[in-house]
Amino acid sequence: MAEIFPLIDEVHRIARRAGATIMGYFGQSPEVREKTDSTPVTEADEAADRLIVAALEALTRDIPIVSEEGVASGRIPAIDAGRFWLVDPLDGTKEFIAGRDEFTVNIALIDDFAPVLGVIHAPARGESYYATAQGGARHETEGQPPASIAARAMPKDGAVAVASRSHRSPEVDAYLAKIKVKSETAMGSSFKFCLIARGKADLYPRFGRTMEWDTAAGHAILEAAGGSLRTLDDGPFRYGKPGFLNPPFVARGRVS
């Protein structure tokens, strides 16, 4: 996989271009439709998807691309080799529709069914997170040089927990009730993984439905920063599962 790691800068550029496309629709009351899985989709999702898929095809013609909108329209490539791109062109569509800035562009590369490269770009916030398995994790604010980031060990006075704004479940409440939690923040999209990777939060439990394109980029960044994403029984979190459906998981910072 050594030949893949230099791609991170180009994938970051692709994510930023997709973010600029999305921002052209932000605050413009875009048409909202419901997909067959009852999730919303907008013109911004579809425009960003077209841009990313075309750019990745030009960049790595031999690596299949699994994107949220592609799967929704029936474009599901063979991934038996275990190497493929996972794309969520607009993660946090509900936040985007509501006019909040907590939406992201997610692009991840999977190899041997595990994430080895991830980019998360938050266009309304003007910031990006990106990482490779060998190169560490970085945070970049628009106009500033990138800075290395690292997850932190759980503070002794309690965890800072993050949870989904739009998909909170009673199971999450029950899980957090068993842990010493100092504070809790609700927010949308994969930005929650970024806060843990940056050492600004410690724990993100998720029991509700998520798809592989929701987690792959954040998983790559979090692991490169020293954190982890595991199943509830502390098993490894793999990709290429039937239907691309994730099990419940817990994302954590560094284990002390």
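Distance cut-off 27 Å, Cα to Cα: go down the list 182/241; 156/178; 35/241 and report the pairs above it. Too far apart for the 27 Å limit: 182/241. By DSSP, the beta bridges lying fully in the stretch 1-141 are antiparallel in about 90 percent of cases.
Normalised per residue, the accessible area of the chain is 43 Å², obtained with a 1.4 Å probe and no contribution from ligands, DNA or RNA. Taken as entire DSSP H runs, the helices of the chain that both span 15 Å or more between Cα atoms along their own long axis and average -0.5 or more on the Kyte-Doolittle scale are 8-23, 43-59, 212-224.
Taking a straight line from the alpha carbon of residue 180, these aspartates and glutamates sit under 12 Å away, with near neighbours fewer than eight places off in the same chain left out: 157, 202.
Rounded to the nearest 20 debye, the dipole size of the chain about its Cα centre is 860 debye, using +1 on the Cβ of Lys and Arg and -1 on the Cβ of Asp and Glu. Accessible surface of the chain, 1.4 Å probe: 49 percent of it comes from carbon and sulfur atoms. Charge tally for residue 120 (other residues, Cβ to Cβ under 12 Å; Lys, Arg +1; Asp, Glu -1): -1.
For the chain, the mean residue ellipticity at 222 nm estimated from helices alone is -8500 deg cm²/dmol, where every DSSP H run of n ≥ 4 contributes -39500 (n - 2.57) and the total is divided by all residues, rounded to the nearest 500. Among 110, 129, 47, whose Cα sits farthest toward the positive end of the charge dipole of the chain (+1 at Cβ of Lys/Arg, -1 at Cβ of Asp/Glu, about the Cα centre)? With unit charges placed on the Cβ atoms, the residue in question is 129. Over the stretch 93-247, Cα pairs under 8 Å with separation of 6+ residues give a relative contact order of 27 percent.
Each Lys and Arg adds +1 at its Cβ and each Asp and Glu adds -1 at its Cβ; summed about the Cα centre, the stretch 5-79 shows a dipole of about 180 debye. Straight Cα distances below 14 angstrom link residue 94 to the aspartates and glutamates 31, 34, 43, 45, 102, 214, with same-chain residues fewer than 8 positions distant left out.
The values are calculated or read from the model by the stated rules, or taken from the named source; none is laboratory data. The structure displayed is predicted, hence computed values, not measured ones. Glycine gets a Cβ as well: all are built from the backbone with ideal geometry, and neighbour counts include every protein chain shown. SASA here: full protein model, heavy atoms, side chains in, ligands and nucleic acids out. Shrake-Rupley method; radii C 1.70, N 1.55, O 1.52, S 1.80 Å.
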